[in-house]
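Colleague: Below you'll find the structure I mean.
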Amino acid sequence: MGGNDETAAPGRGAPEGAADAAAPGGGASAATGFGTSAGAGAIIRLLLVGLGTSVVPLDSALNIAFPAMTAHFGQPVAEIQWIVICYVLTYGSLMLGIGRLGDIFGHALVFRAGLGWSAVAYLLCSAAPSFQWLMACRVLQGIGAALVISCGPALVTSLFAEALRPRVLGAYALLFATGSVLGPSLGGVLVAWFGWEAVFWFRTPIALAALLLLRGLPPAPRQGARESFDLAGAVLLAVTIGSLLMAVNQARHGWPALVLLVLFGAALWGFLRQSRRSARPVLALHHFALPGFAALNLANALANLAAFAVLLLVPYYLTRIAALPVGVAGLFLAGSAAGTMLVSLPGGWLLGRVPARGMAAAGIGCIAAGLALMALWGAATPAWLLLPPLLLHGAGLGLLQVSYTEIVTATLPRADRGVAGSLAMMTRTLGVVTAASLLTLVFEGVQAAALAEGAAVAFLAGFRASLASAAVVAALAMLLLASGRQRRPPQGA
């Protein structure tokens, strides 16, 4: 399915233009851009949704704070993965179920609840007295993130005519990437001035500002009887995802991983059985029978697995090997997100002109190339050579995110728009959590083998091996995507 194939979007069975006229800010003039008076209000709401959503990508501020956090709590580098896993595992497990809740009760209600919850969770994280308490508070933060980002894409696309969907998704990706850009640079300054706690509490006023200013969002659907929520399916899906990711994390420990795999198998069987029995399952599995759709989702997970190597290990390279001050290191780390930001809006515009699948493959190729270049970094690499690979890596992520979200949103029915946005985020999350586990294994193994040569040499060996492995995974994802086939979904699906 190409992004330039507007007729391929399911749920478009109404006469051409009818959906546009009915959409907020719709009509013939809205189809040409965001420049109408009616569209001005929608643009303001889009920006406010972006402001609220930004609290999630601003979590990238933590990455530059990792060295300070491990030092404060007296934890080894490998243990920092739990700060990532507790958070990402939580929202990754919950997003699809919460996306379905948004489809039933209204995306705006769920989004606003997420902002309020997150505002409190950030304060609790900043006040955590121990590493264990911090992990528990990160779980609470993950619940808030799931509430916010599961309904974000559905919310912004509901503000504009359906014909503008690719551009709106590009704008939303730009706003999301802006938070990722600001995170490392703000994080570096905040850690230098206030300590690691600041990377949490500075987001509370942002969440509250968006919550108070956001008005006029589309109401919950009121057509006929409200459909039921498949609670059993949502719980089973959360257990399925959570147990799988924890099994990957515990692979080195033997029997705990086996127990988790048994739990995963049982939960998956239960979820599949429940989905077949439910009139409105959390995720309609028949979509994965479409040629190329399952491969697309797997490729997205693998690409994000590879891409997360940057946020996991590059902060340590910048501060330990490149010996950059923490504030400067944050600015360099923001180069990846800057690349994403630069391509997001042009990518949304191009989706009306080039196939979305081809754009996704190009994005994964850029990720692989950027990682391969980073794997060549050494102790003597000049600072000016660090930025181009980060920009390339980020640009690839931007192209992939915009095109992938467009394909998934066009494939699932409009009534499942919350689930579509959640699926896009969930596959990304699967890659991130798996990366935090598997890439840590690679890093630790290679570093341990080289410790006799000195700590700095050992770190650099582990860093290079991890980045090279990630580049190979990205290349495999690109091949998987290129080998898949995809057909046009039926009209009005």
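Colleague: Could you give the length gained on full extension between PHE288 and GLN132, defined as 0.36 nm per residue of separation minus the Cα-Cα distance, in nm? Show your work: numbers first, answer last.
Modeller: Working: separation 156, 0.36 × 156 = 56.16 nm, distance 3.87 nm.
Result: 52.3 nm gained on full extension.
Colleague: Using each residue's phi in region 198-209, evaluate 6.51 cos²θ - 1.76 cosθ + 1.60 at θ = phi - 60° and report the 3J(HN,Hα) Karplus result to the nearest Hz, with x for Gly and Pro.
Modeller: Once θ is set to phi - 60°, the couplings for region 198-209 become 5, 5, 9, 5, 5, 8, 4, x, 5, 4, 5, 4 Hz.
Colleague: Mind giving me the FRET efficiency for VAL120 and ARG280? R0 is 45 Å, r the Cβ-Cβ distance, nearest 0.05 is fine. Working shown, then result.
Modeller: On the way: r = 32 Å, r/R0 = 0.70.
The calculated FRET efficiency here is 0.90.
Colleague: Near PRO57, within a Cβ-to-Cβ distance under 13 Å, what is the net charge of the other residues, with Lys and Arg +1 and Asp and Glu -1?
Modeller: Around PRO57, the surrounding residues sum to +1.
Colleague: Further, regarding this structure: What is the distance in Å between the Cα centroid of region 85-163 and that of region 259-323?
Modeller: Taking the Cα centre of each part, region 85-163 and region 259-323 sit 18 Å apart.
Colleague: Run lengths n ≥ 4 of DSSP H only: what is the helix-derived mean residue ellipticity at 222 nm for the chain, with -39500 (n - 2.57) per run over all residues, to the nearest 500?
Modeller: Numbers: 19 runs with 345 residues, N = 493.
Roughly -23500 deg cm²/dmol at 222 nm, from the helical runs in the chain.
Colleague: Looking only at region 177-218, which residues have a backbone nitrogen under 18 Å from a spot 7 Å from the Cα of HIS72 in the C-beta direction?
Modeller: 183-205
Colleague: In whole Hz, what ³J(HN,Hα) sequence does region 102-119 give by Karplus (6.51, -1.76, 1.60; θ = phi - 60°), x for Gly and Pro?
Modeller: Karplus values, whole Hz, x for Gly and Pro: x, 4, 8, 9, x, 5, 5, 4, 5, 4, 5, 4, x, 5, x, 4, 5, 4.
Colleague: If r is the Cβ-Cβ distance from GLU453 to VAL139 and R0 is 35 Å, what FRET efficiency results, to the nearest 0.05? Write down the numbers at each step before the final one.
Modeller: Working: r = 39 Å, r/R0 = 1.12.
Calculated value: 0.35.
Colleague: Going by how many other Cβ atoms sit within 10 Å of their own, how do ILE44, ILE149, ILE364 line up, fewest first?
Modeller: Lowest to highest Cβ neighbour count: ILE44, ILE149, ILE364.
Colleague: Give me D for region 313-434 in µm² s⁻¹, whole number, from Stokes-Einstein with Rh from the Kirkwood sum over alpha-carbon pairs, 37 °C and 0.692 mPa s.
Modeller: Rounded to a whole number, D works out at 211 µm²/s.
Colleague: Sticking with this one: Please compute the contact order of region 231-277 in relative form: average sequence separation of alpha-carbon pairs under 8 Å and at least six residues apart, divided by the residue count, as a percent.
Modeller: RCO, region 231-277: 48 percent.
Colleague: If you compute Cα Rg over 2.2 N^0.38 Å for the structure shown, which of [x] 1.16; [y] 1.10; [z] 0.93 do you land on?
Modeller: Read-out taken from this structure: [z].
Colleague: Quick check on the exposure proxy: order LEU124, LEU313 from fewest to most C-beta atoms within 10 angstrom.
Modeller: The fewest-first ordering by Cβ neighbours comes to LEU124, LEU313.
Colleague: Can I ask one more? State, as an integer percentage, the relative contact order of the chain based on alpha-carbon contacts under 8 Å between residues 6 or more apart.
Modeller: 26
Colleague: From the backbone phi of region 89-95, what are the Karplus-calculated ³J(HN,Hα) couplings (6.51 cos²θ - 1.76 cosθ + 1.60, θ = phi - 60°) in whole Hz, Gly and Pro given as x?
Modeller: Ordered by residue, 3J(HN,Hα) equals 4, 5, 6, x, 6, 9, 4 Hz.
Colleague: Quick one: check the C-alpha center-to-center distance for region 50-68 versus region 328-361, whole angstrom.
Modeller: Taking the Cα centre of region 328-361 as reference, the centre of region 50-68 is 19 Å away.
Colleague: Taking DSSP loops as anything outside H, G, I, E and B, show the longest stretch in the chain free of GluC sites (Glu not before Pro) there with at most 16 other beta carbons within 10 Å.
Modeller: 228-493
Colleague: Obtain the nm distance between the two label points defined at ALA380 and SER483 by a simple spin-label model: each point lies 7 Å from its Cα along the Cα-to-C-beta direction.
Modeller: 4.1
Colleague: For ILE43 paired with TRP255, estimate the spin-label separation in nm (one decimal), with each label point 7 Å from Cα along the Cα-to-Cβ line.
Modeller: In this crude label model, ILE43 to TRP255 measures out at 6.4 nm.
Colleague: Continuing with this model, one more query. Under a Cβ-Cβ limit of 4.7 Å, which cysteines in the chain have nobody to pair with?
Modeller: Unpaired cysteines in the chain: CYS86, CYS151, CYS366.
Coordinate-derived values only; no laboratory data. The model shown is predicted, which means the values in this text are computed figures rather than measured ones. Heads up, the Cβs are rebuilt from the backbone with ideal geometry, glycines too, and the neighbour counts pull from every protein chain shown.
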